[in-house]
Amino acid sequence: MLDPEAAELNETIKCANPYVYVMLSERGKRAFFPTKGILAQTAEAKGKAINATIGTALEDCGKTMELPSVGAQISFEGDDVFSYAPNLGKPEIRNAWKKMMLRKNPSLKDGASISTPVVTAALTHGLSAAGYLFINRGDTIVTPDLFWENYNLVFNYSYGSALSTFPMFNGRGGFNTEALRQKLVDGTPGKKIVILNFPNNPTGYTVTEEEAAITKDIIVESAEKGNNLVVFIDDAYFGLVFENGILRESMFAALSSAHERILAVKVDGPTKEDYVWGMRIGFVTFGCKQGGPGFYRAMESKLGGSIRGSVSSVSNIGQTMLLRAYENKSYEQEKNEKFDILRRRYTKIREILEERKEYAKRFKPLPFNSGYFMCLEVISGKAEEVRRILLDKYDTGVIALGNLLRVAFSSTPYGLLEKLFDNIYKAAGEA
């Protein structure tokens, strides 16, 4: 039975954009963030002399209860650490992330055409929470054939969908927009779900500005054919672009107001952007041409229901620490310094591959220009055999994916890059 609050949200979405309502999964149509019951009654009691509502423990003085052995390690006030964060995230960090998103994506122009980001427990949870709203069992999700393996766990095994892949690269060494078009434009119109991930994991490839424009045109063409498109934009490695002519903004900026039949769902966060892997903070933001304040509030509420029904709320201390960092005057300089370290390693790899022509006999690099990774296609031997030899004989670890080796230069010191590739060359010759 549909809860009245869910039904009300559905009507709001349907009135603002009936195409998005059709995109919702059966779970998504039932989803809602409860504004009545325990949470509402707790909010109504806030500030009262006696407040026996929320299930947190307070000292007799009203301060959040804490163990001194834990509190002694933290310089923040207890309420910024030990109490629950709001279910959609702290308003301050949601607004700060939106402000930064607009600065990083100037073609968004203003924040009116997108929702306020909702805080998730990092990007995997963000993808799962968003997937809850849109993916039914048996749905297919279009993605390049080189994708982050966790998509299988999140979308396939958890939600019963199937990944419908296409070759990521064309014969010219670029993004395979022709294959994307076949997936999205040809065939009977209906609901289509797409994942775009740039910089890509595992390849470290981001589309060129020209490829990005073509990709947008294909998705718009699909919408004009009568398809309703949910476009998940996995921006885990956003900003880590090392070459000119490569897309600097998110595809979200191009798609968030492209067509009323296109709902862009941006999943991002500080995990890789700000080097805080263990903090587990992420964001989900919606963008659609036929949106509006009421529509976005309804979408945020449904996403909040997905979060409330899984992790309840996200780490308070993680949000507090990040917010303080974003307010720090040295934040941008610190971030640029870390970016320069990664770019220097990337440049060194380019030099190594250019200088060592003999490598081409045993492996060749796939196109890469950004992110944390690059991939080598093994010509001599099999990737898994090469990986095992590297482990057992050369004290070197890489990831084998089919007949590819994924190399993480993000975690390889600059001074070891030449040895890394030389080890791979030797191991490939022995496989």
For the stretch 1-80, listing GluC sites (Glu not before Pro) in a DSSP loop whose Cβ sees at most 16 other Cβ atoms within 10 Å gives Glu59, Glu66, Glu77
Prolate/oblate/rounded label for the stretch 123-230 (Cα gyration tensor, a/c 1.5): oblate
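Order these peptides, 341-354, 375-388, 324-337, 190-203, by their mean beta-carbon neighbour count within 10 angstrom, highest first. Please report the intermediate quantities before stating the final value.
On the way: 341-354: 15.7, 375-388: 18.8, 324-337: 11.7, 190-203: 23.6.
Ranking the peptides 341-354, 375-388, 324-337, 190-203 by packing returns 190-203, 375-388, 341-354, 324-337.
Find, to one decimal place in angstroms, the Kirkwood hydrodynamic radius of the stretch 316-378, where the mean of 1/r is taken over every pair of different Cα atoms and then inverted. Walk me through the numbers before you get to the answer.
Working: mean 1/r = 0.0688 Å⁻¹.
Computed over the stretch 316-378, the radius equals 14.5 Å.
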Mean residue ellipticity (222 nm) of the chain, computed from DSSP H runs ≥ 4 via -39,500 (n - 2.57), nearest 500: -12000 deg cm²/dmol
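Which of the trypsin sites (Lys or Arg not before Pro) found in the stretch 1-65 are loop residues per DSSP with 16 or fewer other Cβ atoms within 10 Å of their Cβ? Could the numbers behind the result be given before it?
On the way: sites: Lys14, Arg27, Lys29, Arg30, Lys36, Lys46, Lys48, Lys63; in loops: Lys36, Lys46, Lys48, Lys63.
The qualifying sites are Lys36, Lys46, Lys48, Lys63.
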10 Å-binned pair-distance histogram of the stretch 365-415 (Cα, whole percent): 26, 54, 20, 0
Compute the relative contact order of the stretch 44-87 as a whole-number percentage, counting only Cα pairs closer than 8 Å that sit 6 or more residues apart in sequence. 28
Kindly sort Asp268, Asp395, Asp60, Asp139 by accessible area of their heavy atoms, largest first, with the probe set to 1.4 Å. Asp60, Asp395, Asp139, Asp268
How large is the translational diffusion coefficient of the chain in µm² per second when you combine the Kirkwood radius over alpha carbon pairs with Stokes-Einstein at 4 °C and 1.567 mPa s? 55
Longest principal axis of the chain (C-alpha) makes with the long axis of helix 209-224 (C-alpha) an angle, in degrees to the nearest 10, of 50
Relative contact order (percent, whole number), the stretch 133-272, Cα cutoff 8 Å, 6+ residue spacing: 22
Relative packing of peptides 310-323, 171-184 - highest average C-beta neighbours within 10 Å first: 310-323, 171-184
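In whole percent, how big is the carbon plus sulfur part of the accessible area of the stretch 330-431, probe 1.4 Å, protein atoms only?
Numbers: 2530 of 5270 Å².
Reported share for carbon and sulfur atoms: 48 percent.
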Cut-off under 5 Å, modelled amide H: who pairs with Ile141 long-range: Ala162, Leu163, Ser164
Report, by chain and number, residues whose modeled amide H sits under 5 Å from the one on Thr120, excluding near sequence neighbours (fewer than 5 apart, same chain). Gly282, Phe283, Val284
What list of ³J(HN,Hα) values in whole Hz, one per residue of the stretch 194-205 in order, does the Karplus curve 6.51 cos²θ - 1.76 cosθ + 1.60 (θ = phi - 60°) give from phi, with Gly and Pro shown as x? 10, 10, 10, 9, 9, x, 7, 9, x, 7, x, 10
Where only protein heavy atoms count, and the probe is 1.4 Å, what is the accessible area per residue for the chain in Å²? 46
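On the accessible surface of the stretch 265-308, probed at 1.4 Å, how many percent belong to carbon and sulfur atoms? Could you put the intermediate results ahead of the total?
Working: 630 of 1200 Å².
Using a 1.4 Å probe with all protein chains present, the stretch 265-308 comes out at 52 percent carbon and sulfur.
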Tilt of helix 4-16 relative to the longest C-alpha principal axis of the chain, in degrees (0 to 90, nearest 10)? 60
Sequence-distant aspartates and glutamates (8 or more away, or on other chains) whose Cα lies within less than 15 Å of Lys335: Glu273, Asp274, Glu327
Volume in Å³ per residue [convex hull over Cα atoms, computed for the stretch 252-407]: 201
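Could you tell me which of rounded, prolate or oblate describes the stretch 18-112, using a ≥ b ≥ c as the square roots of the eigenvalues of the alpha-carbon gyration tensor, with rounded for a/c under 1.5 and, failing that, prolate when a/b is larger than b/c and oblate otherwise? Please report the intermediate quantities before stating the final value.
Values: a/c = 2.70, a/b = 1.47, b/c = 1.84.
Oblate shape, in that a/c is at least 1.5 and b/c is the bigger or equal ratio.
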Gaussian network model of the chain, Cα springs within a sub-10 Å range: biggest mean-square fluctuation belongs to which of Ala212, Ala258, Ala45? Ala45
Residues whose built amide H sits under 5 Å from the amide H of Tyr205, excluding neighbours closer than 5 in sequence, are Asn200, Asn369
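Quantify, in whole percent, the carbon and sulfur part of the accessible surface of the stretch 65-122 (1.4 Å probe; protein heavy atoms only). Don't skip to the answer; put the middle values down first.
Numbers: 1720 of 3030 Å².
Carbon plus sulfur share of accessible area: 57 percent.
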For the chain the mean separation of alpha carbon contacts under 8 Å (6+ apart) over residue count, i.e. relative contact order in percent, is 19
C-alpha center-to-center spacing [the stretch 283-361, the stretch 381-412] in angstrom: 27
Give the aspartates and glutamates whose C-alpha is closer than 16 Å to that of Lys14, dropping any in the same chain fewer than 8 places away, or say none. Glu5, Glu26, Glu260, Glu300
The correct pair for the stretch 188-232, radius of gyration to one decimal and Dmax as a whole number, both in Å and from Cα atoms, is 12.0, 33
Sorted peptide list for 420-427, 157-164, criterion being average Cβ within 10 angstrom, highest first: 420-427, 157-164
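The values are calculated or read from the model by the stated rules, or taken from the named source; none is laboratory data. A quick note: this is a predicted structure, and the numbers were derived from the prediction, not measured. When we count neighbours, we look across all protein chains shown, and the Cβ atoms used for this are built from the backbone with ideal geometry, even at glycine. SASA here: full protein model, heavy atoms, side chains in, ligands and nucleic acids out. Shrake-Rupley method; radii C 1.70, N 1.55, O 1.52, S 1.80 Å.
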